[in-house]
Amino acid sequence: MIYPERPTLMRRASRSCVACIGVAASLMVSARTVRGQHAAQDRANAVSASAVRTGAPDTLRQPPILRNLSRKRGTVEVELTASVVRLALKPGAPTEAFAFNGSVPGPTIDVHEGDRVIVHFRNDLPEPTTIHWHGLHIPADMDGSPLAPIAPGARYDYVFTIKRGTAGTYWYHPHPDMRSGYQIAKGLFGAFIVRAADDPLKSVPEKLLILSDNRFRADGTVDFAEPRSSEGMRDEVNGREGDLLFVNGQLAPSLRIRSGQLQRWRVINVAASRVFRLALDNHRLLHVGSDGGLFERPVEVGQIDLANSERVELLVRGTGAPGERALLRAMPYDRYVPQTRPADWQTPRDLLTLAYSPAPRVRATAVPTTLRRIAPLDTLKATATHVIVLSQGLINGRMMDMHRVDEHASLGATEIWQVENLVGMDHPFHLHGFQFQVIDRAGVPEPFPSWKDVVNVRKHEIVRIIVRYDDFPGLWMYHCHILDHEDHGMMGVLEVRSPPPPPRELP
Ligand code: C2O
Ligand code: CU
Ligand code: CU
């Protein structure tokens, strides 16, 4: 395959300080679109593309489940290829996109606890990439971090085993140095679902909702602002936002429910920076899980804040009447500094229509009161506290350097991370490889334990989390998950080391 032009990658050396909003404009990565495309390639991909259609509201589609090539029990062997495709990310405007196996979102990887997973990956992109298995507790060399880029044209097998107790909703996305935001915006993201044999909600019909946003030029190409433009500067500060909001790559689709029916939704926010404050008209939601799986008990709420890269599991009870409709909306959420807050930030945005079938109400399914046990990590067992100070674009005053280890920890240790946000905008903080529990936010104890891998640290807030490194020594990233911030170095490296062997007596 021939790619006419390669986007320029910015050098690490030219990554400079983003500490002040005023200078932000000069610091954008030059995110040029790869122009031109082989006509043959276009035709080949047009068929497989999950393009957005125009016209009446589409029924929400579920991304295809990636086919398991293995016949062996407990083995999931799949193939994933990232390539340049031509498809309509936006209705009616085919454009050049990046896709996993030709579709946006990419296919869903659906596995069980205990499974051995083998992903044969091929990078057909004109630039280096990786696949990062966001939230999975797997060996460091399989993490797909910026430390292990896959060159254009190269192949790599990601092989790992899914631990017991980690059932939940995860996702996969590229994580190359300084290019994650670009590649994800071009279409590279997909869901990774881990199931437990004893899932208490096994019998509840399930829907996957991958939320994203994007922005396009008139010609349909993905719009990346010129670094020095005012838009580029706003992206740099806020994180890139799009005016179009998608569910599974579709604009305002509709989802069928029967009156009385119970549905389980797994929701993933893959947007670069947008926080979705989810509310469903005339419905209360049962919040049943977060990043690392189910809570102990369902919690009834009116709305749910979903920061970028976070996941929620929720139960929707079909309390409406046959034939009724209800809108799932993104309500206003102010995560911005006033200087760069979008003018229309207070406008609620429609995501999806929940459409009740005309069929008569069915008897409501009972919701289990206990979902599973989560042992709280004990702060008295913590042997260290890492203080992580977030300022605009920096962590502890520094930008990421892949050749520097910023934080050290011992395998098996339990530690606290105190994440302090100094600035007037939210920064969602993510730790690779390990699920943690939130201890408190702004001094308010977390009401119940849950497993998370990202926590939104709000304006001027201090959040404390606790984590146990029960396995997998190596180098792990932690970073702000606003992709523009991450790509510009708002990231650090944690090294988890095996403790030295106990002293032994020499003969
Ligand atoms: Cu979603 Cu460093 O990752
Ligand atoms: Cu991650
Ligand atoms: Cu940030």
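The values are calculated or read from the model by the stated rules, or taken from the named source; none is laboratory data. These figures come from a predicted structure and were not determined experimentally. As a convention, Cβ positions derive from the backbone with ideal geometry for all residues, glycine included, and neighbour counts pool all protein chains shown. These area figures cover heavy atoms from the full protein model, side chains too; ligands, DNA and RNA do not enter into them. Shrake-Rupley method; radii C 1.70, N 1.55, O 1.52, S 1.80 Å.
Using a 1.4 Å probe on the protein chains only, how many percent of the accessible area of region 353-507 belongs to carbon and sulfur?
C and S atoms contribute 57 percent here.
Students sometimes get this wrong: rank 230, 259 by accessible area, probe 1.4 Å, all chains present, largest first.
230, 259
Which loop-located trypsin sites (Lys or Arg not before Pro) does region 328-395 contain, where loop means any DSSP state but H, G, I, E or B and the Cβ has at most 14 other Cβ atoms within 10 Å?
Listed in order of number, the matching sites are 363, 373.
Order these peptides, 472-484, 448-460, by their mean beta-carbon neighbour count within 10 angstrom, highest first.
Order by mean packing, descending: 472-484, 448-460.
Ignoring ligands, DNA and RNA, please state the percent of accessible area on region 51-124 from carbon and sulfur, probe 1.4 Å.
That share works out to 47 percent.
For region 308-387, what is the relative contact order in percent, using Cα pairs closer than 8 Å and at least 6 residues apart in sequence?
Averaging sequence separation for qualifying contacts and normalising by length gives 33 percent for region 308-387.
Suppose a student asked you for the relative contact order of region 272-316, using Cα pairs under 8 Å spaced at least 6 residues apart; what percent would you report?
That works out to 50 percent.
Ignoring ligands, DNA and RNA, please state the percent of accessible area on region 143-197 from carbon and sulfur, probe 1.4 Å.
That fraction is 57 percent.
Only loop residues by DSSP count here, and only those with at most 13 other Cβ atoms within 10 Å; note down the trypsin sites (Lys or Arg not before Pro) in region 174-238 that meet that.
202, 217, 228
Is it possible to state the helix-based mean residue ellipticity at 222 nm for the chain, with each DSSP H run of 4+ residues giving -39500 (n - 2.57), the sum divided by total residues, to the nearest 500 deg cm²/dmol? What is it?
My calculation for the chain gives -1500 deg cm²/dmol from helical runs alone.
At a threshold of 8 angstrom on Cα-Cα distance, excluding pairs fewer than six apart, so keeping six or more, what relative contact order does the chain reach in percent?
14
Quick one: grab the alpha carbon gyration tensor of the chain, order the square roots of its eigenvalues as a ≥ b ≥ c, and give me rounded if a/c is under 1.5, else prolate or oblate depending on whether a/b is larger than b/c.
Here the chain falls in the rounded category.
Under unit Cβ charges (Lys, Arg +1; Asp, Glu -1), what dipole magnitude, rounded to 20 debye, does the chain have relative to its Cα centre?
1240
Return the long-range amide H neighbours of residue 70 (sequence gap of 5 or more, or a different chain), with a cut-off of under 5 Å between placed amide H atoms.
77
Can you tell me which aspartates and glutamates have their Cα less than 14 Å from the Cα of residue 207? Leave out same-chain residues fewer than eight positions away.
The reachable aspartates and glutamates, counting only those whose Cα sits under 14 Å from residue 207, are 110, 313.
Using a 1.4 Å probe, what is the accessible area per residue for the chain, in Å²?
Heavy-atom SASA per residue in the chain reads 40 Å².
So for region 54-181, taking the charge dipole from beta-carbon charges (+1 Lys/Arg, -1 Asp/Glu), which of 89, 161, 145 sits furthest toward the positive end?
Of 89, 161, 145, it is 161.
So how exposed is residue 464, as accessible area in Å² (1.4 Å probe, rounded to 10)?
Spelled out: residue 464, probe radius 1.4 Å, area about 70 Å².
Given a Förster distance of 45 Å, report the FRET efficiency between residue 69 and residue 506 from their Cβ-Cβ distance, rounded to the nearest 0.05.
0.30
Quick one: which residues, 5+ away or cross-chain, put their amide H under 5 Å from the amide H of residue 354? H built at 1.01 Å from N.
Residues meeting the criterion, in which the H sits 1.01 Å from N, are 255, 326, 327, 328.
Provide the per-residue ³J(HN,Hα) series for region 398-413, in order, calculated from phi with Karplus coefficients 6.51, -1.76, 1.60 and θ = phi - 60°, each as a whole number of Hz, with x at glycine and proline positions.
10, 9, 4, 9, 5, 9, 10, 9, 9, 10, 10, 8, 9, 4, x, 6
Give the distance, in whole Å, between the Cα centre of region 137-213 and the Cα centre of region 343-375.
Going from one Cα centre to the other spans 25 Å.
Under 5 Å between amide H atoms, partner at least 5 residues away or on a different chain: which partners does residue 439 have, H built in plane at 1.01 Å?
Distant-sequence amide H within range of residue 439: 464, 465, 466.
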